[in-house]
Amino acid sequence: MEQQNIILIGFMGTGKSTVGRRLARFLGWEFIDTDQEIESVTGFSVSEIFHRFGEKRFRSEERLLVRRLNGRGQCVIATGGGTALNPENWTQLAQNGVMIGLYAPVEIVLRRIGQRGDRPLLKGTHQDVAELWCERQEAYAKAEFTVDTTDKSVDEVVGIILGYLERRGQG
Ligand code: S3P
């Protein structure tokens with residue numbers, strides 16, 4: 001049980017990477033950010049992969065990485081917003097991981113990351129982003145535990161996750 005990974009899932013801008021890094025530091029576990037891993041394996045930024053090779057290629061890099069991560073333990077893994085939407089990825093990650101969802105309403109997401117330009121899927125109109133957000137909520141809601149990150153500091157979110165894991169018997 002205590003070897004299980006902690007997998008953070010949720011829409012872009014919900015704080016997966018920031019929270020994941022802080023959580024890993026607190027636990028003394030390894031932190032893995034799937035977008036960063038893909039960037040270091042391919043030598044391209046996520047945006048470049050989307051632009052040069054298309055989303056399909058990015059998703060295939062994601063699948064390869066998730067397969068590679070299978071068998072690892074005591075890692076906090078911050079996934080990209082689309083990673084857990086693929087059922088094969090979900091199954092592999094959940095095999096040795098607790099799936100924790102981070103949530104934020106779409107207005108908060110837009111306020112946090114709006115037009116920062118490093119997320120190819122946020123380049124559309126607010127309406128496009130809102131549609132994508134809606135489409136994905138059902139999948140994210142399958143996480144075993146979800147934290148609403150609205151108006152919470154990183155430390156508060158980390159504390160809530162740790163409290164849950166303790167109650168669950170992993171803390
Ligand atoms: C994506 C989210 C991004 C990144 C890519 C696609 C998505 O990660 O993987 O741009 O499909 O939601 P973050 O959730 O870390 O922004």
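The values are calculated or read from the model by the stated rules, or taken from the named source; none is laboratory data. Remember, it's a predicted structure, so these values are computed and weren't measured experimentally. Glycine also receives a Cβ, built like all others from the backbone with ideal geometry; neighbour counts cover every protein chain displayed. Just so you know, the surface numbers come from the protein's heavy atoms only, side chains and all, with ligands and any DNA or RNA stripped out. Shrake-Rupley method; radii C 1.70, N 1.55, O 1.52, S 1.80 Å.
List of remarks:
- Only one residue of Ala141, Leu165, Ala130 has its Cα farthest out toward the positive end of the dipole of region 123-171, where Lys and Arg carry +1 and Asp and Glu -1 on Cβ, and that residue is Leu165.
- Sparse packing (at most 14 other Cβ atoms within 10 Å of the Cβ) combined with a DSSP loop state is found for none of the trypsin sites (Lys or Arg not before Pro) in region 8-50.
- DSSP loop GluC sites (Glu not before Pro) with at most 16 other Cβ within 10 Å excluded, longest remaining stretch of the chain: 3-143
- Candidates Gln137, Gln127, Gln95: whichever shows maximal mean-square fluctuation once the chain is modelled as a Gaussian network with Cα springs under 10 Å: Gln127
- Think of each Lys and Arg Cβ as +1 and each Asp and Glu Cβ as -1; about the Cα centre, that makes the dipole of region 43-171 roughly 480 debye.
- Theoretical ellipticity at 222 nm over the chain - DSSP helices of four or more residues, -39500 (n - 2.57) apiece, nearest 500: -16500 deg cm²/dmol
- In the chain, the portion of solvent-accessible area held by carbon and sulfur atoms comes to 49 percent [1.4 Å probe, whole percent, DNA, RNA and ligands not counted].
- Rounded, prolate or oblate (a/c below 1.5 giving rounded, otherwise prolate when a/b exceeds b/c) for region 13-171 by Cα gyration tensor: oblate
- With a simple spin-label model that places each label point 7 Å from the Cα along the Cα-to-Cβ direction, the separation between Phe53 and Ala130 comes to 3.5 nm.
- Ordering Gly80, Ala104, Leu93 by the projection of their Cα atoms onto the charge dipole of region 1-110, which places +1 on the Cβ of Lys and Arg and -1 on the Cβ of Asp and Glu, puts Leu93 at the extreme positive end.
- Estimated dipole of region 1-40 in Debye, rounded to 20 [Cβ of Lys and Arg +1, of Asp and Glu -1, Cα centre]: 240 debye
- Charge dipole of region 98-171 (Cα centre as origin; +1 on each Lys and Arg Cβ, -1 on each Asp and Glu Cβ, all else neutral): 160 debye, rounded to the nearest 20.
- Applying both filters, DSSP loop and at most 16 other Cβ atoms within 10 Å, to the trypsin sites (Lys or Arg not before Pro) of region 43-100 gives Arg72.
- For region 1-68: rounded, prolate or oblate by the Cα gyration tensor [a/c cutoff 1.5]: prolate
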